[in-house]
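Presented below is the structure to which this report refers.
The values are calculated or read from the model by the stated rules, or taken from the named source; none is laboratory data. Since the structure is predicted, the reported quantities are computational estimates derived from the model, not experimental observations. Here the Cβ positions follow ideal geometry from the backbone for every residue, glycine too, while neighbour counts run over all protein chains shown. Please note that ligands, DNA and RNA were not included when accessible areas were found on the heavy atoms of the full protein model with its side chains. Shrake-Rupley method; radii C 1.70, N 1.55, O 1.52, S 1.80 Å.
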Amino acid sequence: MTPAELEAARDRLVPDVAADGLRVLFCGINPGLMTAATGHHFARPGNRFWPVLHASGFTPRRLQPSEQQELLGYGLGITNVVARASARADELSDEEYREGGRILAEKVARLRPRWLAVAGVTAYRVAFGDKRAKIGPQERTIGTTRIWALPNPSGLNAHWTLATMAEEFGRLRTAAYADGDDA
């Protein structure tokens, strides 16, 4: 993909991969330019979402971004806090995060997933006005939907390795399947 093609994707919207009653609705910060250009969530090659999803046991094999629709068959989906695409999350304003949080809460109330998993604790803090949030399950719920803040799978998030990220995603997976349903 050329730099011009990526730049042309700026501000583009990427459709959610979602349905009613999912087990986990994963929520990115906002689409990157590669995601917007391809229409596939977490599409940048350095993003660790797809490898971590598999390593944590959510999927039986590592899916490619182009296979994102297969997530629905596993009771999983993807959305974003902020809908518009940008090169970096730091291009977003706090106002965009807060408005995105409001829209996300409405979406979650309508779709009723068991868990909303926000991949980026800083984005969660700003979007939901919870400055003390830490990685893990949150006190807040949206209706009956529980919320889990996950580490951001971006390759820029060097504080988390693939292994430690898979561990945290695995903790969510354990909670998401705690009701006795098989994976």
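Considering each residue of the range 25-39, count those that are under 21 Å from Leu116 (Cβ atoms) and in a loop (DSSP other than H, G, I, E, B), and give that number.
4
Take Leu22 and decide whether it is in a loop (DSSP other than H, G, I, E, B), closer than 21 Å to Glu167 by Cβ, modelled with pLDDT of 95 or more and not basic (Lys, Arg).
Considered against the rule, which asks whether it is in a loop (DSSP other than H, G, I, E, B), closer than 21 Å to Glu167 by Cβ, modelled with pLDDT of 95 or more and not basic (Lys, Arg), Leu22 comes out as no.
So Glu106 ticks every box in (1) in a helix (DSSP H, G or I); (2) in contact with a helix residue (DSSP H, G or I) (Cβ under 8 Å, 6 or more places away or on another chain) but one. Which box is left unticked?
(2)
Being assigned to a loop (DSSP other than H, G, I, E, B), in contact with a helix residue (DSSP H, G or I) (Cβ under 8 Å, 6 or more places away or on another chain) and open to solvent by 40 Å² or more (accessible area, probe 1.4 Å) is the filter here, so list the residues in the range 1-10 that pass it.
Across the range 1-10, the qualifying residues are Met1, Arg10.
Can you tell me which residue within the range 42-73, out of those that are among the hydrophobic types (A, V, I, L, M, F, W, C) and in a loop (DSSP other than H, G, I, E, B), is farthest from Ala85 (Cα to Cα)?
Phe58
Go through Ala149, Ala123 for me and flag whichever is within 24 Å of Pro60 (Cα to Cα) and open to solvent by less than 80 Å² (accessible area, probe 1.4 Å).
Ala149
So, of the residues in the range 82-108 that are small (Gly, Ala, Ser) and without any contact (Cβ under 8 Å) to a residue 60 or more places away in the chain, which turns out to be most open to solvent (accessible area, probe 1.4 Å)?
So, considering only residues that are small (Gly, Ala, Ser) and without any contact (Cβ under 8 Å) to a residue 60 or more places away in the chain, the one most open to solvent (accessible area, probe 1.4 Å) is Ser93.
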